[in-house]
């Protein structure tokens, strides 16, 4: 069955550097897929190509049936992209930020009121709707960024390290929201720096130097590597790949 995201030979070069190297991947509808790897592995570059923000040097990617290179606007209509530094306006309140993004998405007044109320309840941000974004905690800012991303009813969420630098309690709350979104049928493709978070995904892809070196459910990945944790499995996979290169 064809996935809601289909990637074939996706490559991005910056001069002599290959940031993403012939990536092949399929993500199923309603799945939460985690992409992990060290800094410089190519995770963010992959997301930016899937969003249509960066043109591939080679290969192709279909997101919700649309080619990211030839039909970027159609892709953007179907996705919600949350970058590591989401563009919140610090001087605006929570509600004012949501109104601003609702205007950008062209959401009419009647729909936005119900949708805003629903998102504030889901994220437990109702008591803070009048607080300026600049006065929110890191976890609350991420919740606000997620709410703004969800305003136009995306089929797919593309999240770039959404809980990086967030305290453990806020990380737990954020994941509870993600699981609720999964129940609502949204597909989630995320990068994460936390391997304990990656274990909560349906499948995990391990990237190293632009290449996808492993891709499977977390338990299967640990079993194949005879590892107790995903971190041990990841280290084993990198050592295996680097050993082949040296040989």
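What to note about this one:
- Distance (nanometres) between label positions extended 7 Å along Cα→Cβ at residue 229 and residue 60: 4.2
- Calculated FRET efficiency for the pair residue 126/residue 242, C-beta based, R₀ 41 Å, to 0.05: 0.25
- Tilt relative to the chain, helix 230-246 - C-alpha long axis, 0 to 90 degrees, to 10: 40
- Taking 7 Å steps out from each Cα toward its Cβ at residue 109 and residue 22 produces label points 5.7 nm apart.
- Based on Cα atoms of the chain, Rg over Rh with Rh as the Kirkwood radius reads 0.98.
- Sorting the segments 205-214, 58-67 by their mean number of nearby beta carbons within 10 angstrom, highest to lowest, gives 205-214, 58-67.
- Size descriptor for segment 53-178, Kirkwood hydrodynamic radius: 15.5 Å (Cα pairs only, one decimal).
- The chain: antiparallel DSSP beta bridges as a percent of all, rounded to 5: 55
- Size descriptor, Kirkwood hydrodynamic radius, that averages inverse alpha-carbon separations across segment 155-236, Å: 13.6
- Using just its DSSP H runs of length 4 or more, each adding -39500 (n - 2.57), the chain gives a mean residue ellipticity at 222 nm of -12000 deg cm²/dmol after division by all residues.
- Residues residue 118 and residue 167, FRET efficiency given R0 of 35 Å [Cβ-Cβ distance, rounded to 0.05]: 0.85
- Using alpha-carbon coordinates, inclination of helix 138-150 to the longest axis of the chain, degrees: 80
- Principal-axis tilt of helix 94-105 within the chain, Cα atoms, nearest 10 degrees: 70
Computed from the coordinates by the stated procedures, all read-outs in this text should not be read as laboratory data. Bear in mind the structure is a predicted one, so any value in this text is a computation, not a measurement. So basically every Cβ, Gly included, is an ideal-geometry build from the backbone, and we count neighbours across all protein chains shown.
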